[in-house]
């Protein structure tokens, strides 16, 4: 239909080779223009998704301090979270976790949380080892 008429015009103008280079094929064997092929493959939907970013505790404390300054200057919450490039839920979570801390305190908190997680993992591994040894020692297997 539209592709046949376009290819006929291109053939008459001697641009058939250029037209074939710009066209792509879809999964059913049909030919689709480049803009349509991108949308059918979902590339445009992926381009709109914003990649998540991890912030260090120091960065979070700095952003919270900046947010407090902006709010005191009279900006509304929507403008503040947009300037920080985070959602309002993230801002509220950060405020609950890091509100009123200094950078070094936040860093120390993060280190303690990591150490606590690591120690809990060690305790869980030891509990499994003890359970396995009790089972082997009981000789009921």
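Things worth noting here:
- Residues satisfying the stated conditions in region 54-84, i.e. in a loop (DSSP other than H, G, I, E, B) and modelled with pLDDT under 90: 54, 55, 56
- Which listed residue, of 71, 95, 84, is touching a residue at least 24 places away in the same chain (Cβ under 8 Å) and in contact with a helix residue (DSSP H, G or I) (Cβ under 7 Å, 6 or more places away or on another chain): 95
The values are calculated or read from the model by the stated rules, or taken from the named source; none is laboratory data. As the structure is a computational prediction, the values presented were derived from the model and not from experiment. Please note: Cβ atoms are built from the backbone with ideal geometry, for glycine as well, and neighbour counts cover all protein chains shown.
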